[in-house]
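J.: Sharing a structure with you now.
The values are calculated or read from the model by the stated rules, or taken from the named source; none is laboratory data. Keep in mind the model is a prediction, meaning the values are calculated, not measured. In this analysis, Cβ positions are derived from the backbone assuming ideal geometry, glycine residues included, and neighbour counts consider all displayed protein chains.
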């Protein structure tokens with residue numbers, strides 16, 4: 001009832017909701033599984049893979065990765081038709097309430113048709129059922145998959161079948177996020193390659209991020225970057241033509257010395273998602289839909305300009321120093337421009353952009 005009330009409210013504002021789903025694990029204490037789930041799948045012994053309580057030792061071994069216990073979480077037999085029917089009943093219930101997309105957590109731990117079979121599985125067909133290609137026991141995805149936004153958390157590694165997963169859904173661009181963080185840390189666009197997606201899948205089908213909950217919380221790989229650096233990365237990702245950017249909201253009250261801040265389950269994060277530059281580039285992205293991108297740099301990679309056809313441009317100063325740019329390439333028409341965030345003035349003359357930039361600040365120009 002609470003979820004329905006939220007969906008009804010979101011619908012009034014034309015906000016679409018994506019549900020984070022985790023079909024392939026239960027809690028560490030598997031004896032706490034409710035009897036209704038055990039009954040639905042034919043008994044508790046039918047709920048898990050035969051290998052489901054064997055800890056994964058090699059994440060690049062596809063049999064271990066798709067059937068074994070991850071982080072203490074036992075692995076569900078997602079190939080059991082009774083479980084698939086139970087799961088799709090849940091999915092269709094969400095769709096009936098207005099849900100219009102799904103994020104599949106730990107998606108690379110659910111087997112593909114080409115992966116090794118668990119001894120309790122007849123076919124690796126979970127993804128065919130989940131995306132509506134197949135029915136299970138007379139039940140099928142209630143809404144066509146191509147009308148939903150579905151993506152999988154398929155973190156990249158040595159032996160991950162990105163291209164096969166991409167036949168079913170969009171994927172996370174984890175390697176691109178790592179490259180972007182390198183650029184932010186060095187304040188140099190040339191510190192890594194950001195002109196390719198570091199992925200075999202086209203950018204139109206990738207979910208991009210500057211950082212994720214994993215990179216922030218697990219070993220704090222990205223937690224040392226300042227909020228300003230993260231913001232510059234966000235403006236770059238969001239101003240681009242392709243990729244679907246995902247904003248990680250850091251815990252409220254967090255600092256570079258205290259990563260957790262006032263962390264509470266269910267509480268919103270800090271106010272960075274409301275920062276004027278974040279709000280402005282989100283609106284910029286919508287208004288630039290369909291416009292081709294051109295990326296240029298200045299000051300030895302410290303400044304990035306993402307031009308979108310002749311309609312607009314994002315200017316990003318990655319450095320902690322003010323910059324005076326003079327003659328950066330842009331596809332904007334000649335003329336005088338006023339930035340949409342701070343009201344700063346810029347000029348374009350013969351396809352060259354000039355203006356003054358504050359440290360770790362971004363600017364958005366419209367034709």
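A quick yes/no check of all residues on (1) touching a helix residue (DSSP H, G or I) at 6+ places or on another chain (Cβ under 8 Å); (2) crowded, with 23+ Cβ neighbours inside 10 Å; (3) closer than 25 Å to residue 361 by Cβ:
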| residue | (1), (2), (3) |
| --- | --- |
| 160 | yes, no, no |
| 164 | no, no, no |
| 177 | yes, yes, yes |
| 184 | yes, yes, yes |
| 201 | yes, no, no |
| 212 | yes, no, yes |
| 222 | yes, yes, yes |
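J.: Something else about it: Please find, within region 272-305, the residue that is nearest to the chain's Cα centre (by Cα) out of those that are closer than 24 Å to residue 250 by Cβ and outside any helix (DSSP H, G or I).
T.: Here the residue is 275.
J.: Here's a follow-up. Would you point out the residue of region 23-50, among those that are in contact with a strand residue (DSSP E or B) (Cβ under 9 Å, 6 or more places away or on another chain) and part of a loop (DSSP other than H, G, I, E, B), that is farthest from residue 136 (Cα to Cα)? Walk me through it before giving the result.
T.: Just the residues of region 23-50 that are in contact with a strand residue (DSSP E or B) (Cβ under 9 Å, 6 or more places away or on another chain), to begin with: 23-28, 30, 41, 47-49.
Within this subset, residues satisfying the condition of being part of a loop (DSSP other than H, G, I, E, B) are 23-24, 26-28, 41, 47, 49.
Numbers: 23: 16, 24: 17, 26: 22, 27: 25, 28: 28, 41: 13, 47: 17, 49: 19 Å.
So the residue we want is 28.
J.: Find all pairs meeting these conditions: Cβ atoms under 8 angstrom apart; at least six residues apart or on different chains; first residue within region 26-44 and at positive phi; second residue exposed (fewer than 10 other Cβ atoms within 10 Å of the Cβ).
T.: none
J.: Quick one: would you say residue 173 is in contact with a strand residue (DSSP E or B) (Cβ under 7 Å, 6 or more places away or on another chain), buried (at least 17 other Cβ atoms within 10 Å of the Cβ) and in contact (Cβ under 8 Å) with a residue 60 or more places away in the chain? Steps first, please.
T.: Values: in contact with a strand residue (DSSP E or B) (Cβ under 7 Å, 6 or more places away or on another chain): yes; buried (at least 17 other Cβ atoms within 10 Å of the Cβ): yes; in contact (Cβ under 8 Å) with a residue 60 or more places away in the chain: yes.
Against the criterion (in contact with a strand residue (DSSP E or B) (Cβ under 7 Å, 6 or more places away or on another chain), buried (at least 17 other Cβ atoms within 10 Å of the Cβ) and in contact (Cβ under 8 Å) with a residue 60 or more places away in the chain), residue 173 qualifies.
J.: Restricting attention to helices (runs of 4 or more DSSP H) lying wholly within region 119-195, give those where 1 or more residues are closer than 28 Å to residue 304 by Cβ and modelled with pLDDT of 95 or more. Walk me through it before giving the result.
T.: Working: elements: 126-130, 162-165, 174-186.
Fully inside region 119-195 and qualifying: 162-165, 174-186.
J.: Any idea which residue in region 56-72 is surrounded by the most Cβ atoms within 10 Å (Cβ to Cβ), counting only those that are more than 23 Å from the chain's Cα centre (by Cα) and outside any helix (DSSP H, G or I)?
T.: Result: 68.
J.: While we're here: I'm told residue 53 meets every condition in (1) closer than 24 Å to residue 32 by Cα; (2) in a helix (DSSP H, G or I); (3) in contact with a strand residue (DSSP E or B) (Cβ under 8 Å, 6 or more places away or on another chain) except one. Can you identify the failing condition by its number?
T.: In the conditions (1) closer than 24 Å to residue 32 by Cα; (2) in a helix (DSSP H, G or I); (3) in contact with a strand residue (DSSP E or B) (Cβ under 8 Å, 6 or more places away or on another chain), residue 53 misses (2) alone.
J.: Those residues that are in contact (Cβ under 8 Å) with a residue 40 or more places away in the chain and touching a helix residue (DSSP H, G or I) at 6+ places or on another chain (Cβ under 6 Å), I need them from region 121-158; list them, please.
T.: Answer for region 121-158, where residues must be in contact (Cβ under 8 Å) with a residue 40 or more places away in the chain and touching a helix residue (DSSP H, G or I) at 6+ places or on another chain (Cβ under 6 Å): 129, 136, 137, 139, 142, 143, 152, 153, 154, 155, 156.
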